[in-house]
Every structure is written in structure tokens, then in C-alpha cells.
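None of the figures in this text is laboratory data; all of them are computed from the coordinates on show. These numbers come from a predicted model, not from an experiment. Glycine gets a Cβ as well: all are built from the backbone with ideal geometry, and neighbour counts include every protein chain shown.
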Amino acid sequence: MRILLVEDDPVLADGVRAGLVLAGLTVDAVTTCADAHAALGICRFDAVVLDLMLPDGSGLDVLARLRARQDATPVLVLTALDETPDRIRGLDAGADDYLGKPFDLDELAARLRALARRGGGRASALMHHGPIAIDPATLAVSLEGSPVPVSRREFAVLSMLMERPGVIRSRGELEERLYGWQEEVESNTIEVYVHNLRAKLGRDLIETVRGIGYRLRVPA
Amino acid sequence: MISLRRRLFLILLAATGLIWLCAVAWISIGSRSELERVLDTRLQEAARMVHSLVMTGERMQGAPEMGPASILPSAAGGYERQLSCQIWSFDGRLLARSSGAPEAVLAGEREGFTDREVDGETWRVYTIVDPQKDVRVVVGDRIGLRDKLVRDLVAGLAAPALLAMPLLGLLIWWSLGRGLRPLNKAAEEIAAREGEDMRPVPPDGAPSEIQPLIGALNGLFAKVEAARAHERDVTAFAAHELRTPLAGLKTQAQVALAAGEAQVRENALRQIIVSVDRASRLVKQLLALARLDAGAAGAARETSIGALIRDIVAAVPHPPNVRTIIDPALGPLVRQLDPDTLSLVLRNLQENAVQNMTAGTIRWFAEGPDKLVIEDEGPGIPGEELGLVRQRFYRGRAVAGAGSGLGLAIADTAATRIGAHLDLANREDRAGLRAVVQLSP
């Protein structure tokens, strides 16, 4: 899951970023409304964590512009202004969730997973495909009930493919999901992750569509 | 304080009473003189009538006593025998008298009106002297009766007035109630308000006399509301500014606990230290602001400004490439003011300068006897933000998360507290901020 974090406090931004990465999310952090607009214009994020008091304006403006573009990206507002009227204003402005500072990092991660799940139109927290089940909360993968250890990146590739079984995901899409802007993308890494997943979960699980990308094989 | 209605009632009642009293006095004096004139004329006529009827003194000898009714028509209500008539001969014999007339002589020998006391009663007497008939006709009137007449007349006027007085009072009381109703309505409207309700009182419908009062009240409401809004803003900002470092602390602590890699954990712990430093500085600044807002400025005393600046510059930590030069001319500068408040001004200016520079020189110097100037070599403040940086928690767009946004606000408030003025401007010779503390002369 790729998250955009809009927060101007360097310590908090660093902490949230580190914490969400530990939870298996890919985080891009910006500090101003202007940067947030730019980022949202270029990339697709699974969710946005938005502070309201930013040096160049209010996070609510970012939210309003996002919704005015008919962009339904889930937004979690993260702010010290957490009196009930503030929450109501935020939610009515198009926010999907609200979390007051200080907050619990695990709760933030759980809420983001829930937002992404609802955004994907799924009801269950667990995702199933044939004999495989994955749990985004714990980054756990199981094959016919027995756990299979996977790395964070491998899990990210698998979960992206499992969100839409049978739909082709290009290498670029997968890379975008896996790496924040600040991270160096190594060549061939996607191939390596797919190779590892096939080794752990079975040869036929992931299908290579030559020249385009990968997809989960749907049993005929 | 006595109620307006009762006060007006008493004043109106007293004024009405006074006017009535004056009217009664006027009527009694006026009618008395008119009555005197009428009765005197009647007295004169009566005397002439009697005189025309009498025969000469000789022939009157042994004449029977005249009945009172023959002279005076009987009048009702105790006014009988008002007139008395005597006829005297020139040699001093009483020839005739009306019944009830005293036997003593009523008047002297002079013709015309006289007042005289006979048998303890005062008489008004008209005398006709007729040497041909050898008689003196004397007709007298009791003054006491005249007084009674006037008294009765006045009483006749005053009695209904006195009876009407309570009725009038009632009418005045009721009219006042009606007249003061808009006032009561306005008062009730204000009294019925919730304590939190600071909406202006609608001035329409209120009488023009209390319009200024309502205007003043609305002005006060607006001021209180503005002060409260300001307080709310400051509290909300303070909450935000404190909660953000707290959230940072908690998050970093959770990261440190959850991180497997030593480097991630170490970074988180370092961030925790930075965050604690910032939070404690923020708390210190908030306390300084709260003290300034409470208006608790210390006593003024002899303060060496040069020494104060030296102490502050020594106490504020400088990055390696930033240095501060203090003009030696500041050394002997001594003023009478509160050193703690002035030091708040100067320290926050110094901290602001240091914070906005990575390398360069900060200069403190004096311009004239009353101006302390500090110039730095930082980026300065964008022109459109110069007017805003003194607002509490205002942080420039360029400096994300660097300071608390309170330093210049504290410097400004503290300067005002000691009667000084803080001017901020960008340097003209190069990039940098120039702050001038204009001390009161």
C-alpha cells in the first residue's frame, strides 16, 4: 500500500514514516499544501494522511481540491484540532477518517488498512485466492492454512496482485507501489520478488504476460 | 438605586402637587380681593339704601327695631346676619339698629370705610354722615365671615382636587409603566440572555434615550467576543503546537520499540531528544506569554543594557559559523526599566536571528539614545509576511517547523509591556532582518 503523508513537523513526519514502513506500507512524505497538490496530481495513492495546520495553508484546502477533482482517494485527517466541531468539519469536507494527535501508530496503520480495504470494495480484512490467504495487518501469508514467511516487499507485490485477480499489473505499477520517491529502485527487483513468491507458493500462481506485466492465474 | 419608575412617579407627583398648591394660593388671594371689592360695594349700597330710607334724627325717636330680614336677605349656610346696621343721631344716641348688631358704636364720625374691632370681632364698616337728616348710617360686615367665605370657596375647589389626587397618582403610575415599557423590554431581553450569548442587542425598537446605552453594550459584547475568540485561537494553537511534538514523541517511541534494526531505533531515540527539547522550549515560551498577558511586569530599576545583551548573547547557543558582535558603545547604556521584560525582548530577537542563519554575523548596536538595533544575515522575512510574524504561532512559509512561531510575538508583547516599540524590517544593504527596539525616552 502506498501512502502520502502531509505533515510539516519533521520529527512527527519522520516517526510516522518509519512506523508505517515497519507496518509494511510505502510512505511518501511532503510538508506543504503545494507539495501535496503536486504529489496527488502525479501519483495514485492508496490513502492520504493529512495534517490540517500546514505552513502554507489548511489541509482542508488540499482535501477540497482533491474532492473537486472527483478523486476518491481515502483521506485520513491527522491533527491536533480534534474537538468535535473540527472533526465534523473535516469529515464533511470529504475526509474518510479522523485521528487526533497524539495517536497510536498501530491504530493509524490499522485505520489506513481499513480505508484501503473500503476503497478497494472489500468487506473482509483477509484476502483469499484459491488456497492462499493474506492478512495485511500482520503481513502474514498462508498456503492451505500453514504460514509461509515472505518479506515485506514480496508481500506488497502479492497483495497488489491479489487485490484484482486476473488483472494485469505492469512492472511500473508494481514498482510505484513498492518504492517511495526517496527510495532507489533497483532493476530486476520485481522479477526477483515474483521468482521468490513462485518458489514459496507454487509455480502456477503468478503468470507472466510477456512485455506487459504480471497477473494472478485465475482457475478456469 | 431607586427604580426609575418610582423616581419619576415621585417627581411628577411632587411637581403636580406644587402646581396645585400654587393654584390654590393664587385662587384664594385672587378671589379674596375680588370678594373684598364686591362685598365693599354691597356694604356701600346697603348703607345708601338704609340712608335713603331713614327719616331725620328727631323723627326716628322711639322707632321700632328693624328686623334683620329687612336689610339682609336670609342666606343659607351660616352666612346670616352678615351685615349689621346702626343709625346714630349726631348727639350720640343710637336711633336704630338691625337685630344682632352690637350696641357699641361700630364706627367713628368719618364718612367712608373703616376697620374696627368691637366686642372681640373685627368689622368692616361703611359710614354715611348726613347732617341734614341729623343721622349717621353705619353698615358693618364681620371680617370673620368674609374669611369664612373665602375659606369655603377654596375648600370647595380643593376638595375635589384632593379626592382626585389618588386617582391622578394611579394614572401617573400606570402611564409611567406604559411609557417605560420599551426600556423594560430591552432590559428583559438582555436579562434573559445566556451568559455565553454575545450577539448584539438589536437597536431597532429601543427608545432613542437608551440607544447610546445599547450601542455601548453592543460595543462591549463585540470586544468581549473578540477577546474570547482570541483566547480560543491561542488555546487552540497552543494545543496544536504542544500536541504535535507530543505525537512526534509517542510515534518515535513506538518506532524505537518496534524497530528491529539498530539504526532505525537509534534514529528514533535521537528524534525523541530533539522533540523533548522543542517541547520544553515551547512550554517555556507559552509560560512567558501567559505571564506577559497577565500583565505582571516587574519593577523598573537601573539596568545596564550592554551587560544584559552580553549575558543573552553568551547564553544563546550559536551554530559554529554564526557569531554575534556587540557594539562597545552599548556598554555604558543604562536605563530605568524592568530588566526581566527587556531581556525577554532581546533574547527572543537574538534567538530569532540565530535560528534563521547558518553562517554569518549578527550585530547589536545603538542608534541615537533610544534605539537598540539587531541586524542578522539570514534570509529576512518576505515582505507580505512582515506584518504577520508578530502574531502568535505564525510561522513563515519558508521555515517549515523550525521555530514555534512565538519568539517575535513574545518580543513584541514584552516590548509593549515596558513602553517600548518593536520595528521589523528587511535590511537594505543585504539580505537579512533588522529589528529596532525603540525605548521610551
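Tabulated data
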read-out	value
Inter-label distance, nm, simple model (7 Å from Cα along the C-beta direction), residue B:104/residue B:370	9.9 nm
Length-normalised contact order for the range B:305-367 - Cα pairs under 8 Å, 6+ apart - percent	53 percent
Exposure proxy ranking, count of Cβ atoms within 10 Å, fewest first, for A:27, B:283, A:75, B:313	B:283, B:313, A:27, A:75
Per-pair calculated FRET efficiency, R0 = 25 Å: residue B:211 and residue B:2 via Cβ, rounded to 0.05	0.60
Cβ-derived FRET efficiency at R0 30 Å, residue B:162 paired with residue B:45, nearest 0.05	0.25
Shielding by other protein chains, A:102-110, mean Cβ within 10 Å	4
Debye, to nearest 20: dipole size of chain B, +1 on Lys, Arg Cβ, -1 on Asp, Glu Cβ	1100 debye
Unit charges at the beta carbon, dipole of the range A:127-216: most positive-side option, A:194, A:151, A:206	A:206
Pairs of Cα atoms farther than 19 Å apart, the range A:127-216, %	34 percent
Net charge of neighbours whose Cβ lies under 10 Å from the Cβ of residue B:389, counting Lys and Arg as +1 and Asp and Glu as -1	0
Which listed pairs, of B:223/B:371; B:223/B:250; A:200/B:250; A:101/B:284, have C-alpha distances above 31 Å, in listed order	B:223/B:371; B:223/B:250; A:200/B:250
Net charge contributed by nearby residues that have their C-beta within less than 13 Å of residue B:417 (K/R +1, D/E -1)	-3
Partner chain coverage, peptide B:264-275 - average Cβ within 10 angstrom	3
Segment residue A:126-residue A:107, extension gain: residue separation times 0.36 nm, minus the distance between their alpha carbons	5.1 nm
√(5λ) per eigenvalue of the Cα gyration tensor, chain A, largest first, Å	33, 18, 16
Helix-only [θ]222 nm of the protein assembly as shown, DSSP H runs n ≥ 4, -39500 (n - 2.57) each, per residue, nearest 500	-16000 deg cm²/dmol
Cα pair distances in the protein assembly as shown, grouped into 20 Å bins until the bin that holds the longest one, percent each	13, 24, 18, 12, 8, 10, 9, 5, 1, 0
Rel. contact order, % - alpha carbon contacts under 8 angstrom, at least six apart, chain B	9 percent
About the Cα centre, charge dipole magnitude for the protein assembly as shown (Lys/Arg +1, Asp/Glu -1 at Cβ), debye	940 debye
Stokes-Einstein D in µm²/s, Kirkwood radius over Cα pairs - the range B:150-251 at 4 °C with 1.567 mPa s viscosity	68 µm²/s
Packing-based order for A:53-66, B:144-157, B:299-312, using average beta carbon neighbours within 10 Å, highest first	A:53-66, B:299-312, B:144-157
Which of A:192, A:16, B:50 has the fewest Cβ neighbours within 10 Å, and the rest in rising order	A:192, B:50, A:16
Modelled FRET efficiency - R0 35 Å, residue B:27 with residue B:181, Cβ distances, 0.05 increments	0.40
Reciprocal of mean inverse Cα separation for chain B (Kirkwood radius, Å)	32.9 Å
GNM flexibility winner over chain B from B:326, B:128, B:172 (Cα, springs under 10 Å)	B:128
Length-normalised contact order of the range A:2-119 in % [C-alpha pairs under 8 Å, at least 6 apart]	24 percent
Along each principal axis, Cα extent of the range B:299-438, largest first, Å	40, 29, 27
Net dipole in debye of the range A:127-216 [+1 Lys, Arg Cβ; -1 Asp, Glu Cβ; about Cα centre; nearest 20]	240 debye
Farthest toward positive dipole pole in chain B [+1 Lys/Arg, -1 Asp/Glu at C-beta], among B:356, B:168, B:92	B:356
Inverse mean reciprocal Cα-Cα distance (Kirkwood Rh) of the range A:45-159, Å	15.8 Å
Top of B:257, B:388, B:180 by mean-square fluctuation, Gaussian network on chain B, Cα under 10 Å	B:257
Pair residue B:191, residue A:68: separation of 7 Å Cα→Cβ label points (nm)	5.2 nm
